[in-house]
1. Per-residue counts of other Cβ atoms within 10 Å, averaged by peptide: what ranking do you get for 15-26, 140-151, 106-117, highest first?
2. Solvent-accessible area of Met166, probe 1.4 Å, all protein chains present, reported in Å² to the nearest ten, please.
3. How much accessible surface does Trp64 have with a 1.4 Å probe, in Å² rounded to 10?
Amino acid sequence: DSPFYQATLVGQLAYSRERWFASLSGFWGSEGQMGTAGQPGSTDDFMIADAIITYSPTERTQLWMNADVGKLEDVPEFSSVTLAPLPSDEDPYYWGVSIGGKTRITEKLSFAVRGEYFDDEEAVRFPSFFGLGSGSSVDEAEVQLWSRTGTLGYEFTRNLLLRGEMRWDHADNDVSSLASSAASGKIFPKGETVEDESLLGIVEVSYIFD
């Protein structure tokens with residue numbers, strides 16, 4: 001009966017055959033102490049599941065997909081209009097998916113691309129955007145994140161790698177103008193209050209030690 005000892009379930013299933021690989025991993029339970037759901041020291045249950053699929057149509061090319069879903073329990077809820085606390089708690093969930101691929105154009109030159117999407121219906125993973133502390137949710141203040149990335153790589157040697165990358169990020173949320181004036185609501189630096197975009201280019205030289 002002690003709140004410091006709660007049951008949890010952790011598992012994984014994996015399948016591999018020729019050019020295919022798939023796995024499903026999951027966690028359900030609590031962290032075994034009193035506190036806020038999904039935070040260190042919580043007896044409230046939370047769940048997270050992760051699925052991965054990869055496929056290699058040729059020796060030079062690999063495609064993949066990764067999907068995740070999480071759910072918390074009894075999280076304090078705030079109004080998306082005034083950011084005032086609401087009388088009831090929420091059981092929010094969030095999910096994300098990413099797809100991508102990489103191909104080797106030549107023995108030294110490669111190209112990779114990936115797209116990512118994340119959806120948080122009650123902003124439970126982003127309360128700081130609204131000036132709230134961790135372990136809070138905002139009623140109907142859905143946060144959506146998109147990302148697109150392209151990477152060009154060149155191997156000078158087996159250990160020396162040059163990479164150039166372009167990444168575009170976009171985010172928006174359903175917070176009201178009144179709540180926006182009470183908190184920044186910003187996701188990317190120098191972005192708009194409700195809807196943000198970011199474009200970033202990187203050139204990197206890496207040396208990989210054996």
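1. Numbers: 15-26: 12.4, 140-151: 17.5, 106-117: 14.1.
The densest-packed peptide leads the list: 140-151, 106-117, 15-26.
2. We get 100 Å² for Met166.
3. Solvent-accessible area, nearest 10 Å²: 80 Å².
The values are calculated or read from the model by the stated rules, or taken from the named source; none is laboratory data. Since this is a predicted model, take the numbers as computed values, not measurements. Neighbour counts are summed over all protein chains in view; Cβ atoms, including those assigned to glycine, are modelled from backbone coordinates with ideal geometry. When the accessible area is computed, the model is the full protein with side chains, heavy atoms only, and any ligands, DNA or RNA have been set aside. Shrake-Rupley method; radii C 1.70, N 1.55, O 1.52, S 1.80 Å.
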